[in-house]
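Have a look at the structure below before the remarks.
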Amino acid sequence: MANHLYDNLIAHHADNTNCFLKQDGADDISYADFIKTAAKLAHILVQNGVGAGDRVVVQAPKTVEMVALYIATVQAGGVFLPLNTAYKKDEVAYFVGDAAPKIIVCDGRSADTLADLATDNNATLLTLNADGSGSLTEDLAAQPDSFETVDRAADDLAALLYTSGTTGRSKGAMLSHDNLLSNTLSLIDLWQITDADTLIHALPIFHTHGLFVAMNTSIRTGACVHFMAAFKTDAILDAIPSATMLMGVPTFYTRLLGEEGLTKDLVQNMRLFVSGSAPLLAETHEAFTARTGHYILERYGMTETNMNTSNPFDGERRPGTVGHPLPGVEVRLTNPETGAELAQGEVGMIEVRGPNVFQGYWQMPEKTAEELRENGFFITGDLGQISEDGYVSIVGRAKDLIITGGYNVYPKEIEDVLNDIDGVLESAVFGIHDADFGEAIIAAIVPEAGTTTEADALAAVVNDKLARFKHPRRYEVMAELPRNTMGKVQKNLLRDQFGG
Ligand code: MCA
Ligand code: AMP
């Protein structure tokens, strides 16, 4: 049967005995063996009721089995829905309630916490642990190692990735088989990825960057992936001599620059360093070149669109820019208020259109209509400028968003939690420059008259409800928040006051 993504991404590797996943201290896993594992998992999904279009929620450690579960879900016709492992129960509850999955796969350590969530939502709870064990895989050996792929067309959904929003309510971006495949093919061509490559993979696999940009391009080409559970500078330095590519967020590069071991000699074998998900400072780009002789290739993407622009492989990789639109992707700048297209050189809202652009937000037609124009242009919320020779620069954000270490955090979500705490009249959450994470989260708190608020007490509530990466690093108590004449909180003033 025809399954657009499976057939074009991985089916051709059925007899490929070359290394796909290489892990320190374990045997390499070949493409052929990986495909058998995915087929076995597809049988398990079907036995647990997954049919075409059913969501499979996964909040599990980064393992070979989790990658196989992604492929198995696609093969079984399902919709893969990975979640950040840092999310707390309240956060997971929202995604499960919204997406109504058939199956929830979680770390065995979270099974007790998530059990009632699964029951309340009529989902089957299965476990997958960091060592690959768990109820998901316990009957794996008994399963057939081939699976009759479920028919899925180019426009059918392959994944649902949640992205938080300015209203504080996360939206599920519906990504079709062809959204993922078309972007994979463009990136392979542009970055000249082949089966001679070895990619160092130290990103999480619950986001577009680690799961689609890094994994899909490797899988399609038959590249080898040096698969690491997390980013550790020592492990990266050890892996570099036997690798050819690294994909990372800017924090990867600033941390590597902090290591004396990063030298021109070490990187002789490498052919490409890619950065994305957050702005790479021009000074980091330049320091990296001075140290290694390599020009980091910066690209720009979003959960809703996969990758939109990239600096060139051949040609100038210009620091502070995100390069040119990918082939087949249109980028235009518009007036954020009127939507009118702007003249070359002006700063405006970045809008993108192409086969990469998602199918809309899951069960949110109004939100989809607000951000995805009828003519197919998606309004990114990023402000940009395009140089005469076509390089796109991101110069700001129209959306109230903080990016910390490559993770997006919408202040509204944290403000909602803080404002609900007894004794808090109101709050404003904003980002300030941070050398390691790019931005760090700060919360300004206005206590109710006659009360005092203790940072520890606020932090305890936040800790209960929100993933660690969303936690304010500091709480600043104020008598009132600075507002403009329209009553809008002036976060730029807060950034100036507390950013030093
Ligand atoms: C960890 N912590 C963080 C972050 N990561 N806090 C804020 N922001 C973060 N990103 C917390 C830890 O829980 C810990 O808390 C403390 O900060 C220090 O942790 P540390 O060990 O230094 O951090 P780490 O575990 O080494 O992680 C840093 C990291 C990681 C490697 C940069 O955050 C990471 O892998 N980021 C990549 C995110 C990513 O893949 N983004 C792509 C999204 P404590 O010790 O106090 O408990 S896709 C996307 O954006 C689009 C589509 C695109 O264009 O790609
Ligand atoms: P996400 O919601 O995780 O998909 O993050 C998408 C957002 O990350 C974009 O809208 C941008 O604001 C930001 N982003 C991604 N890549 C870059 C980049 N190279 N430079 C600046 N911002 C980026």
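The values are calculated or read from the model by the stated rules, or taken from the named source; none is laboratory data. From a predicted model like this one, the values you see are computed outputs, not experimental measurements. In this analysis, Cβ positions are derived from the backbone assuming ideal geometry, glycine residues included, and neighbour counts consider all displayed protein chains. What goes into the accessible areas is simple: the full protein's heavy atoms, side chains included, and nothing from ligands, DNA or RNA. Shrake-Rupley method; radii C 1.70, N 1.55, O 1.52, S 1.80 Å.
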field: 10 Å beta-carbon shell around THR73, net charge (K/R +1, D/E -1)
entry: 0
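Mind putting a number on the dipole of segment 215-324 about its Cα centre? Charges go on the C-beta only, +1 for Lys and Arg and -1 for Asp and Glu, and I need it in Debye to the nearest 20.
Rounded to the nearest 20 debye, it is 220 debye.
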- request: Under 11 Å from the Cβ of ALA282, count the other residues' Cβ atoms, weight Lys and Arg +1, Asp and Glu -1, and hand me the total.
  value: -2
message: Give the lysines reachable from LYS171 as a straight Cα distance under 22 Å; neighbours fewer than 8 places away on the same chain don't count.
response: LYS88, LYS89, LYS102, LYS367, LYS399, LYS412, LYS465, LYS470
statement: Counting only protein heavy atoms with a 1.4 Å probe and every protein chain in place, the carbon and sulfur fraction of the accessible surface of segment 286-440 in whole percent equals 49 percent
query: Given 0.36 nm per residue, what is the gain on full extension from THR233 to PHE313 after removing their alpha carbon distance, in nm?
result: 26.3 nm
query: Taking a probe of 1.4 Å, how large is the accessible area per residue of segment 342-389, in Å²?
result: 48 Å²
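Carbon and sulfur atoms: what percent of the 1.4 Å accessible area of segment 20-66 do they account for?
Numbers: 630 of 1570 Å².
The C+S portion of the solvent-accessible surface of segment 20-66 is 40 percent.
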message: What percent of all Cα-Cα pairs in segment 51-126 falls into each 10 Å bin, going from 0 up to the bin containing the maximum distance?
response: 20, 58, 22, 0
task: State the antiparallel share, in %, of DSSP beta bridges confined to the chain, rounding to the nearest 5.
output: 60 percent
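What are the semi-axes of the equivalent ellipsoid of segment 361-500, taken as the square roots of 5 times the eigenvalues of the Cα gyration tensor, listed largest first and rounded to whole Å? Before the final figure, lay out each step's value.
On the way: eigenvalues 186, 69, 50 Å².
Ellipsoid half-lengths, sorted descending, are 31, 19, 16 Å.
Which FRET efficiency value, to the nearest 0.05, do you get for GLN363 and ALA14 by plugging their Cβ-Cβ distance into 1/(1 + (r/R0)^6) with R0 = 41 Å?
Working: r = 36 Å, r/R0 = 0.89.
Efficiency computed from Cβ-Cβ geometry: 0.65.
Listed highest first by mean packing, meaning other Cβ atoms within 10 Å per residue, what order do 145-158, 361-374 come in? Write down the numbers at each step before the final one.
Numbers: 145-158: 17.4, 361-374: 15.1.
Ranked by mean Cβ neighbours within 10 Å, highest first: 145-158, 361-374.
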query: Where does the Debye-calculated log10 I(q)/I(0) of the chain sit at q = 0.10, 0.14 Å⁻¹, using only Cα point scatterers of equal weight, no solvent?
result: -0.80, -1.56
task: Note down, for segment 391-469, the three equivalent ellipsoid semi-axes (square root of 5 times each alpha carbon gyration tensor eigenvalue), biggest first, whole angstrom.
output: 27, 13, 11
Relative contact order (percent, whole number), segment 58-144, Cα cutoff 8 Å, 6+ residue spacing: 33 percent
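Which order do peptides 203-213, 285-295 fall in by mean Cβ count within 10 Å, highest first? Could you put the intermediate results ahead of the total?
Numbers: 203-213: 23.0, 285-295: 16.5.
Ranking, from highest mean packing down: 203-213, 285-295.
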message: With a 1.4 Å probe and all protein chains left in place, how much accessible area per residue does segment 403-500 have, in Å²?
response: 51 Å²
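Using the alpha carbons of segment 280-402, what is the convex hull volume per residue in cubic angstrom, as a whole number? Could you put the intermediate results ahead of the total?
Working: hull volume 14.8 nm³, N = 123.
Dividing the Cα hull volume of segment 280-402 by its residues yields 120 Å³.
How big, on average over all directions, is the shadow cast by the Cα convex hull of segment 231-341, in nm²?
On the way: hull surface 32.8 nm².
Value for segment 231-341: 8.2 nm².
Quick check for me: using +1 on Lys/Arg Cβ and -1 on Asp/Glu Cβ, what's the dipole size of segment 1-116 about its Cα centre, in debye to the nearest 20? Intermediate values should be presented prior to the final figure.
Working: 9 positive and 14 negative charges, 26 e Å.
Here the size comes out at about 120 debye.
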- request: In Å³ and rounded to a whole number, note down the convex hull volume per residue for the Cα atoms of segment 26-92.
  value: 90 Å³
task: Starting from the Cα of ASP436, step 7 Å toward the Cβ, then list every residue of segment 464-500 with an amide N under 15 Å from that point.
output: 468-474
statement: Using alpha-carbon coordinates alone, the radius of gyration and Dmax of segment 409-448 in Å work out to 11.2, 34
- line: For segment 16-134, percent of DSSP beta bridges that are antiparallel (nearest 5) comes out at 15 percent
field: Globularity index of segment 148-267, i.e. its alpha-carbon radius of gyration over 2.2 N^0.38 Å
entry: 1.23
statement: Scalar couplings 3J(HN,Hα) for segment 423-437 by Karplus 6.51 cos²θ - 1.76 cosθ + 1.60 (θ = phi - 60°), nearest whole Hz, x for Gly and Pro, are x, 9, 7, 7, 8, 9, 10, 8, x, 10, 4, 9, 5, 8, 9
